[in-house]
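Read through the structure below, which is laid out as structure tokens, and then see the notes.
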Amino acid sequence: MIRVQRGDFDIGAELERLAAGSHQVGGIASFIGLVRDIAPAESGGGSGAASAMTLEHYPGMTEKRLQEIEAEANRRWQLEASLIIHRYGRLEPGDRIVLVATASRHREAALEACAFLIDWLKTEAPFWKLEESAEGARWVEARASDDARKAAWKK
Amino acid sequence: MKLLYFAWLRQKIGKAEESLEVPSHVKEVGQLLDWLESLGPNYATALKERRAVKVAVNQDYVGLDHPVKAGDEVALFPPVTGG
């Protein structure tokens, strides 16, 4: 299942729901992405930490891409359930951005599929981060290392 | 044709979306970008660095040689940074 939403999510409730009603699930893996303060060196030489971040997205294409990524994970691994929740709008340091969770009979499929989902999501899902700090706002640039991580999953 | 712009492309062009009558010689994504550049300095500035412009036609990522036609939804945006 995928969800794109402005509001927060309850990690405990979401993970519980993932395994509810199925006694085939032997393990759940999860990744939770948070807004963190940006170190000055990372933000291109500025001195202030990020005070907030706004996530923009492409409604329609976002859902479509997330569904395709989820379907690809289910083709590659035998999962009992999977979940991607991604937020948009204005978020502050410490806020949750994304939850990826996978459930499978044995841990290997859940752990690998969870890593695959977040790696692919980062380079495929149409979201853009605008960081605000004392110096003003700047769009976060894509990282080559994220492309490399995605490419490493190619079969 | 429906054009959508996101992130700094939206800011540089100065609008989030518009409907445009595209001339008949524009048949591929690359030709569309060339034509958009001619519409004004805001477009020319936004599209100057072509490598930083990603294109989706009808919500699928495409390359510069992908065909475009009236009725398509074409989105232009920088490399994505979600997650």
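No value in this document is a laboratory result; all are computed from the given coordinates. Here the structure is a predicted model, which means the values were calculated and not measured. Backbone-built Cβ (ideal geometry, glycine too); neighbour counts: all protein chains shown.
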Amide proton proximity set for residue A:91, modelled H, under 5 Å, gap of 5+: A:53, A:54, A:55
At the level of C-alpha centres, the distance separating the stretch A:11-40 and the stretch B:55-77, in angstrom, is 34 Å
Bin all alpha-carbon pair distances of the stretch A:74-155 at 5 Å intervals from 0 and give each bin's fraction as a whole percent. 3, 12, 20, 19, 19, 12, 8, 4, 2, 1
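With charges only on Cβ, +1 for K and R and -1 for D and E, what is the dipole size of chain B about its Cα centre, in debye, rounded to 20?
It works out to roughly 260 debye.
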Which ³J(HN,Hα) values in Hz, rounded to whole numbers, follow from the phi angles of the stretch B:21-34 under the Karplus curve 6.51 cos²θ - 1.76 cosθ + 1.60, where θ = phi - 60° and Gly and Pro get x? 8, 8, x, 5, 6, 7, 10, 10, 4, x, 5, 5, 5, 4
Table column - 3J(HN,Hα) (Hz), the stretch A:71-77, Karplus curve with 6.51, -1.76, 1.60, x for Gly and Pro: 4, 5, 4, 6, 6, 7, 10
Counting other Cβ atoms within 10 Å, which GluC sites (Glu not before Pro) in the stretch B:10-83 have at most 12 and lie in a DSSP loop? B:21, B:49
Taking only the C-alpha atoms, wrap a convex hull around the stretch A:88-133 and report its volume per residue in Å³ as a whole number. 95 Å³
What is the extension gain from residue A:37 to residue A:72, computed as 0.36 nm multiplied by their sequence separation minus the C-alpha to C-alpha distance, in nm to one decimal? 9.3 nm
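Is there a quick way to get the dipole size of the protein assembly as shown? I mean about its Cα centre, with the Cβ of Lys and Arg at +1 and of Asp and Glu at -1; what is the value in debye to the nearest 20?
That gives the protein assembly as shown a dipole magnitude of about 320 debye.
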Residues with amide H under 5 Å from that of residue B:81, placed H, sequence gap 5 or more: A:127, A:128, A:129
Output the relative contact order of chain A, whole-number percent, from Cα pairs under 8 angstrom with separation of 6+ residues. 33 percent
Violations at 30 Å Cα threshold for listed pairs A:154/B:15; A:64/A:129; A:154/B:27; A:150/B:15; A:64/B:15 -> A:154/B:15; A:154/B:27; A:150/B:15
Could you list, bin by bin from short to long, the percent of Cα-Cα pairs of chain B in 10 Å steps? 18, 59, 21, 1
Please go through the stretch B:1-49 and write out the trypsin sites (Lys or Arg not before Pro) that DSSP classes as loop and that have at most 12 other C-beta atoms within 10 Å. B:15, B:48
Taking θ as phi - 60°, what are the ³J(HN,Hα) couplings along the stretch B:42-56 by the Karplus curve (6.51, -1.76, 1.60), each to the nearest whole Hz, with x for Gly and Pro? 5, 5, 4, 5, 5, 9, 4, 8, 4, 5, 8, 9, 9, 10, 10
Other protein chain Cβ atoms within 10 Å, averaged over every residue that makes up A:121-130: 6
Mind listing the Cα extents of the protein assembly as shown along all three principal axes, in Å, largest one first? 60, 43, 30
